[in-house]
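The values are calculated or read from the model by the stated rules, or taken from the named source; none is laboratory data. Model, not experiment: these values are computed from the prediction. Cβ coordinates were reconstructed from backbone atoms using ideal geometry, including for glycine residues, and neighbour counts include every protein chain displayed. Each accessible area value is taken on the protein alone, full model and side chains, heavy atoms only, with ligands, DNA and RNA left out. Shrake-Rupley method; radii C 1.70, N 1.55, O 1.52, S 1.80 Å.
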Amino acid sequence: MPPVVKIEEIHKIYESGEVPVHAVRGVTLEIERGDFVALMGASGSGKSTLMNLLGCLDRPTRGRYLLDGIDVSQLDRNALADIRNQKLGFVFQGFNLLARTTALENVELPMLYGARKFTTKQIRERAMHCLDIVGLSQRFDHFPSQLSGGQQQRVAIARALVNEPQVLLADEPTGNLDTRTSAEVMGVFQKLNDEGITIVMVTHELDIAHFCKRNLILRDGVLVRDESVSNRSFAATELEKLSSAEAAAKLTGAKS
Amino acid sequence: MRFGSIIKVALRALLRNTMRSILTALGIIIGVGAVIAMVSIGNGAKAQVEAQVASLGQNVITVFSGSMSSGGMRGGWGSAPTLTIEDAEAIEREVTGIVGVSPEVRDRNQVLANGLNWNTSVNGESPDYPDIRSWKIASGAMFSDQDVRSVAKVCVIGKTVADQLFANGDPVGQTLRIRNIPFKILGVLDSKGFNLFGQDQDDAVLVPYTSHMKRLSRRTNISSILIQAASADVIDKVQKDITEVLTQRRKGREPDFTVRNQVELAQTATATTQTMTLLLAAIASVSLLVGGIGIMNIMLVSVTERTREIGIRLAIGAHGSDVLMQFLIEATILSSLGGVIGILLGIGSSQLVSHLNGWPVLVSTASVVIAFVFSAAVGMFFGFYPARKAAQLDPIDALRYE
């Protein structure tokens, strides 16, 4: 089976300023189906640029990008939009849900665009199913402002899943969340990954990266390390540990 | 994206800022309302002018005598004593397609009755006159051809004269003294009101033209001849024939008369109101333009405010055309809703004007349809630039926008 993501000697140079900025300097990478990758690096290392390239939000200056066997490096704006709609799911640091729009309608949104035509009933059912996967089907009619950060992020994950993407891309998905909620969200990712979904996420937190299977480290636009995670964290055990630690600190009532 | 979803999103966005949407639409509401009101009132004025012209009589042709010069002073039409009763008789005899002829002699006289007196216009006419002018007799009867032949001392008086001299009582059968000659009142004319030029048409006394010429003015000529053509179709032919008959009677002398018809008068009068209506509508449509600019302004603000939302939509697969469509439809909904309210407002205010001033007001379907289509078009036109701006946003920049 071919890798779902295959990039060859990819470069991105921004020409907008006086001095051209060489953000990504020749990255070659393959991601297999079912992988769970954390992309790490200091700010300015080019990880956001690489993520935008992977997410088909931007085109590389040089190099080739094969997504699910399709060369997407030279596609036009509308073709890229269709690729994003059909093959990719996005989860952002700031959740990026539409305000004053219910959780269900937010999840339905990707199905309203795109080439595949669904009936209103199908759209509703699929959106409800995805909310069910992230455990929020009871709150389908809540507005984002009525949900906690972790719940909003789970709605965003449901939205990313709804078109059955090849790759789920998450840009600092836990950046705005506390430790416990982060572990919960990582738990959702791990569950999805166990069901075979490929996930690529950007993070700068080492402990979050340990929830993944593979860590990539980027520095100055070059991939400097690519390793499997040996001592992997699991959401269930991490949450257990947190609970007992909190109980010890009398932060919450002890669980029986 | 589906049309239904686009409409839903657009309505939601408009409702989110209800006050702002109303104020934005207000420009269009006022513009459309003003256009509708102006056109309706203008049409009403035109209809009134047409009705007034029609009240002068249907298909009426008037022959005036020529102008007279004396010592270098040129008089107006009708000043030369060149039309005679024989001319009128010749027209009646020789021209086909006419249904009535009335030679006219007019002057002003002090009239007395009932111990009161009143200065009014005393008109010598033929019995055809009320029919030509489509003027009904309210009570009594018009004098007859026999009265004309016998130079009878009879008259028919207008409503104003009746009111002034016979405030409480029936004037029919009573006597009116003109230049101290007693005239028996045979009838009273229906009220006709003021004419186009502001004259009270009811302030008149009609006598047989023969009586006027022999007993009152002692003239041998007449000042004009009123002729009614059988229909509007033959009016041009009748006019031509009259000119021919009168020219023949003058045996090669220079024509000393003019022939005019009502249609020309009507055209002149309605052309004036038409021009006024167009002018007012043009001024009103300037406010439509201003309303359109208001929409553009608010749509630009809206695009900026919702940059992040646009970024999300683009990131999850919306095409530029989807975003363009969404903002375009939002602007169009705003302007066409404004248009509908403006139409209602325009109809309402023109009804109010008609109620307060007693003017007739005609709301034409065409003006309503055009106003609606135009307001929707204003929204599309002025919404296009902001919508295109939204559609061309870069998803990465839009997502980062704070």
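Things worth noting here:
- Spin-label pair A:Ser230/B:Leu352, simplified geometry with 7 Å Cα→Cβ offset, distance in nm: 8.6 nm
- Computed from Cα atoms, the angle from the helix B:320-357 axis to the main principal axis of chain B rounds to 30 degrees.
- Shown for region A:101-119: residues covered by the partner protein chains by 30 Å² or more of accessible area relative to the chain by itself (probe radius 1.4 Å), namely A:Glu105, A:Leu109, A:Leu112, A:Tyr113.
- Solvent exposure of region B:225-317 as accessible area per residue, Å², 1.4 Å probe: 50 Å²
- In the context of the full set of protein chains, region A:1-116 has a per residue accessible area of 40 Å² (1.4 Å probe).
- Dimensions (Å) - region A:15-57, Cα atoms, principal axes, largest first: 42, 21, 17
- Based on C-alpha pairs under 8 angstrom that are at least 6 apart in sequence, chain B has a relative contact order of 30 percent.
- Heavy atoms of the protein chains alone define the surface here; on that basis region A:121-242 has 46 Å² accessible area per residue at 1.4 Å probe size.
- Region A:39-59 residues near the modelled A:Val19 label - backbone nitrogen below 12 Å, point 7 Å along Cα→Cβ: none
- Apolar share of the accessible surface for chain A: 51 percent from carbon plus sulfur atoms, 1.4 Å probe.
- For the peptide A:75-84, the mean number of other protein chain Cβ atoms found within 10 angstrom of a residue's Cβ is 4.
- DSSP loop GluC sites (Glu not before Pro) with at most 12 other Cβ within 10 Å excluded, longest remaining stretch of chain A: A:19-194
- Charge-dipole axis of the protein assembly as shown as Lys and Arg at +1 and Asp and Glu at -1 on Cβ define it, positive-most pick from B:Gly100, B:Thr277, B:Gly4: B:Gly100
- A straight line joining the Cα centroids of region B:333-398 and region B:159-213 runs 54 Å.
- Computed over the protein assembly as shown, Cα set: Rg, Dmax in Å: 45.5, 136
- Amide N of region B:182-204 lying under 20 Å from the label point, which is placed 7 angstrom from the Cα of B:Glu50 along Cα→Cβ: B:195-197
- Percent carbon-and-sulfur accessible area, chain B, ignoring ligands, DNA and RNA, probe 1.4 Å: 60 percent
- Buried surface between chains A and B: roughly 2300 Å² of accessible area, summed over both sides, computed with a 1.4 Å probe on protein heavy atoms only.
- For region A:44-57, putting each phi into the Karplus relation 6.51 cos²θ - 1.76 cosθ + 1.60 with θ = phi - 60° gives couplings of x, 7, x, 6, 5, 4, 4, 5, 4, 5, 4, x, 6, 7 Hz, in residue order, rounded to whole numbers and with x for Gly and Pro.
- Average beta carbon contacts from partner chains per residue of B:316-326, 10 Å cutoff: 6
- Under 17 Å of direct C-alpha separation, and excluding same-chain neighbours fewer than eight residues apart, A:Lys191 reaches these lysines: A:Lys213.
- Length gained when the stretch B:Asp163-B:Glu264 is fully extended (0.36 nm per residue, less Cα-Cα span): 32.9 nm
- Springs between Cα atoms under 10 Å define the GNM used for chain A, and in it the highest mean-square fluctuation of A:Lys87, A:Lys213, A:Lys241 occurs at A:Lys241.
- Calculated FRET efficiency for the pair A:Asp71/B:Lys8, C-beta based, R₀ 51 Å, to 0.05: 0.85
- Dividing the summed -39500 (n - 2.57) terms of all DSSP H runs of n ≥ 4 by the residue count of the protein assembly as shown sets its mean residue ellipticity at 222 nm at -15500 deg cm²/dmol.
- Prolate/oblate/rounded call for region B:76-146, Cα gyration tensor, a/c under 1.5 rounded: oblate
- Rel. contact order, % - alpha carbon contacts under 8 angstrom, at least six apart, region A:1-91: 32 percent
- Over region A:5-248, relative contact order from alpha-carbon pairs under 8 Å, at least 6 apart, %: 27 percent
- Rounded, prolate or oblate (a/c below 1.5 giving rounded, otherwise prolate when a/b exceeds b/c) for chain A by Cα gyration tensor: oblate
- Listed pairs B:Lys46/B:Lys192; A:Lys6/A:Lys121; B:Lys184/B:Lys240; B:Lys159/B:Lys240 exceeding 30 Å between Cα atoms: A:Lys6/A:Lys121; B:Lys184/B:Lys240; B:Lys159/B:Lys240
- Prolate/oblate/rounded call for region B:83-255, Cα gyration tensor, a/c under 1.5 rounded: prolate
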